[in-house]
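Report on the following structure.
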Amino acid sequence: MVTPITTRQSIFLGSGAYLPERIVTNLELEAMMDTTDAWIQERTGIQQRAIAGPLETTATLGTHAARLALTDAGLEPSDVDLIVCATSTPDRTFPATATLIQAQLGIPVASAFDVQAVCSGFVYAMTVADALLKVGQAKTALVIGAETFSRILDWSDRTTAVLFGDGAGAMVMGTSVAATSQGRGLLAHALRADGRHADLLYVNGGASQGGRIGKLKMQGQAVFRHAVGNISEAISVCCAQAGVEVDDIDWFVPHQANRRILEGVARRLNLDEHKVITTVMQHGNTSAASVPLAFDLARKDGRIKIGDLVLFEAMGGGFTWGASLLRL
Ligand code: ACO
């Protein structure tokens, strides 16, 4: 008998993360451009970032993270039947990076595609995977956030080059019958976009416009002005949908764009700052990879545990933004 879709719940099974070996400190950037460690730390909190080596790509970083997530979940690649990869820096215009990761992992049959919502990509990808799991399109999903933003940076532009890094994170999601999941699983999502702001944060190239990859352009102050309000609204809506209070949340795993944005959201919603996972100092802004990277780090260091209520949130180019709530 087919299980009615309303009784399925998407539950967390495992996570993994991978950073390139090459670390670039602020001091190294001082030698490359007109900037200082003090400016970068004061305005952003960033101390260092990892940068992909010449043979590394978004797919190879994503494959590493996915393999670790599968090991964490105690599963084999062949158990996966859905791969959703959030990225704005795909290896190729097509096919999707998710299919390249599928091939590198040796997953025989699965549906696989990319989600492009810039820094909000992982929250969008989790929402899409949750929906497909709930309707029975798949049983086990790999949700990946992987980026090589170093490849789309203008290294002569100090206003953007100091902010970003490369990396990947992944989560394995399975399904359970809601009645036996003991409240575990993805509980609610709030996704948003406002395309009127596309020119505030974009890459000035693309297959259909100019035919070259292009470089990242950002009006940082204007983005900053929208960030705290947008993120706070999405968090409030997500909590209301799940019927929980912001105070009930054990951990906030935000997109790591700037420490001042994280502090601004915490102040606006009166969050306990000790509940906010912050990795921007070590990772910089890794776009769609930042949420799963931060989540995996806090799980592996023992802070986030099974049974905890975890809120993921992000905002990025588009603008896109959103929040997802997971009972681990
Ligand atoms: N080193 C030294 N000085 C710098 C640097 C640098 N790397 N970059 C800029 N400056 C200078 C500017 O030229 C300016 O100088 P001026 O006063 O002589 O004109 C001064 O520092 C101040 O510049 P601001 O842009 O006003 O600095 P601000 O405090 O706004 O910080 C920042 C800039 C860090 C980019 C901030 O605006 C920010 O974090 N914005 C949000 C970024 C974000 O959240 N992005 C969304 C996600 S990313 C995505 O989706 C891909």
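We did not get these values from a lab; they are worked out from the coordinates using the rules stated. If you're wondering where the values come from, they're calculated on a predicted model, not measured in any experiment. Backbone-built Cβ (ideal geometry, glycine too); neighbour counts: all protein chains shown.
Data table
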quantity	calculated
Within the chain, longest stretch free of exposed GluC sites (Glu not before Pro) [DSSP loop, at most 14 other beta carbons within 10 Å]	22-244
Rounded tilt (10° steps) of 290-300 against the dominant C-alpha axis of the chain	60
Between 0 and 90°, nearest 10: helix 58-73 axis offset from the chain longest Cα axis	40
Calculated [θ] (222 nm, deg cm²/dmol) that DSSP helices of n ≥ 4 give over the chain, each run adding -39,500 (n - 2.57)	-9500 deg cm²/dmol
Net lengthening on full extension, R268/M281 (0.36 nm per residue, minus Cα-Cα)	2.5 nm
Chymotrypsin sites (Phe, Trp or Tyr not before Pro) lying in DSSP loop within segment 116-224, provided at most 10 other Cβ fall within 10 Å	none
The chain, relative contact order in percent, only Cα pairs under 8 angstrom and at least six apart counted	25
FRET E, pair I306, M33, Förster distance 30 Å, beta-carbon r, rounded to 0.05	0.10
Spacing of the two label points (7 Å from each Cα toward its C-beta) at Q104 and E245, in nm	4.5
Two-site label geometry, R92 and K139: point separation in nm, points 7 Å out along Cα→Cβ	3.1
All lysines inside 21 Å of K300 as judged from Cα atoms, apart from same-chain residues fewer than 8 positions distant	K275
Descending semi-axes in Å of the chain, equivalent ellipsoid built from Cα gyration tensor	30, 23, 18
